[in-house]
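Engineer: The structure is given below, and queries will be raised subsequently.
None of the figures in this text is laboratory data; all of them are computed from the coordinates on show. Since the model is a prediction, treat every value here as computed from it, not as a measurement. Using ideal geometry, Cβ is built from the backbone for each residue, glycine included, and neighbour counts are taken over all protein chains shown.
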Amino acid sequence: MNFLPPARTGRWLWWSISYALIVWLLLVLHRFVLLGEGFDLLILLRWAALSIVLSGIINSFGWYGARLVWVFSTAGIVLGISLMLIYTSRDMSGWEDLAGFLSFLLFTAGGFVLGLIVEGSRLLVQYLRRR
């Protein structure tokens, strides 16, 4: 994980901003391009708020040095967005937007929880070895 910045450095702010922008662009791509919905500023702002909150939470763990939480959460987001985009291509008689968004939330939360478990286990093993 040498590509991640060191803990407690200012580079995490730029990671957070770029992370939020990428997630926001992918969500906007899904909603307005793939689903073909009309432009709605309120939805656009909601996607931006969701992206900023997700980015802030995940990158703050990275800033504190919990890199495994960052890696697993990012993997969950990537998998969730991928499934959301795949569900859009299926004919689900109008449910593709809801099924895609729920899979996105499920895999995002699952990746975050799995990252917390793995990072907590790593810290516990590290603590027990020092004793």
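Engineer: I need the phi-derived Karplus couplings for segment 24-32: 6.51 cos²θ - 1.76 cosθ + 1.60, θ = phi - 60°, integer Hz, Gly and Pro marked x.
Structural biologist: My calculation for segment 24-32 gives 4, 5, 5, 5, 5, 4, 5, 6, 8 Hz in order.
Engineer: Which is farthest toward the positive dipole end of the chain among LEU68, SER16, LEU42, measuring Cα position about the Cα centre, with Cβ charges +1 (Lys, Arg) and -1 (Asp, Glu)?
Structural biologist: In the chain, that residue is LEU68.
Engineer: Another question, if that's okay. At 7 Å along Cα-to-Cβ for each site, give me the label-to-label distance between LEU114 and ARG129 in nm.
Structural biologist: 2.3
Engineer: Give me a comma-separated list of calculated 3J(HN,Hα) values for segment 15-22, in order, Karplus coefficients 6.51, -1.76, 1.60 applied at θ = phi - 60°, integers in Hz, x for any Gly or Pro.
Structural biologist: Along segment 15-22, the couplings run 4, 5, 5, 5, 4, 4, 5, 5 Hz.
Engineer: Right, another one. Taking chymotrypsin sites (Phe, Trp or Tyr not before Pro) that fall in a DSSP loop and have at most 16 other Cβ atoms within 10 Å as cut points, what is the longest piece of the chain between them?
Structural biologist: Looking at the chain, 96-131 is the longest stretch - no exposed chymotrypsin sites (Phe, Trp or Tyr not before Pro) with at most 16 other Cβ atoms within 10 Å.
Engineer: Quote the charge dipole size of the chain about the Cα centre in Debye, to the nearest 20; the model charges only the Cβ of Lys and Arg (+1) and of Asp and Glu (-1).
Structural biologist: Dipole of the chain, to the nearest 20 debye: 960 debye.
Engineer: Using alpha carbons only, how many angstrom separate the centre of segment 3-28 from the centre of segment 48-86?
Structural biologist: Here the two parts' Cα centres lie 9 Å apart.
Engineer: How high is the relative contact order of the chain, given as a whole-number percent (alpha carbon pairs under 8 Å, six or more residues apart)?
Structural biologist: After rounding, I find 25 percent.
Engineer: I've got another one for you. How large is ³J(HN,Hα) for each residue in segment 115-125, as worked out from phi by the Karplus curve 6.51 cos²θ - 1.76 cosθ + 1.60 (θ = phi - 60°), to whole Hz, x for Gly and Pro?
Structural biologist: x, 5, 5, 5, 5, x, 5, 4, 5, 5, 5
Engineer: Within segment 98-126, find all residues whose amide N lies under 16 Å from a label point positioned 7 Å from the Cα of ILE43 along Cα-to-beta-carbon.
Structural biologist: Within reach of a label on ILE43, which here means backbone N under 16 Å from a point 7 Å along Cα→Cβ, segment 98-126 contributes 98-102.
Engineer: Starting from the amide H of GLY65, placed 1.01 Å from N in the peptide plane, find each other amide H under 5 Å away whose residue is 5 or more places distant or on another chain.
Structural biologist: Under 5 Å from the amide H of GLY65 lie the amide H atoms of ARG8, each far enough along the sequence or on another chain.
Engineer: Just in segment 18-83: which trypsin sites (Lys or Arg not before Pro) are loop by DSSP and have at most 15 other Cβ atoms within 10 Å?
Structural biologist: Sites meeting the loop and neighbour criteria: none at all.
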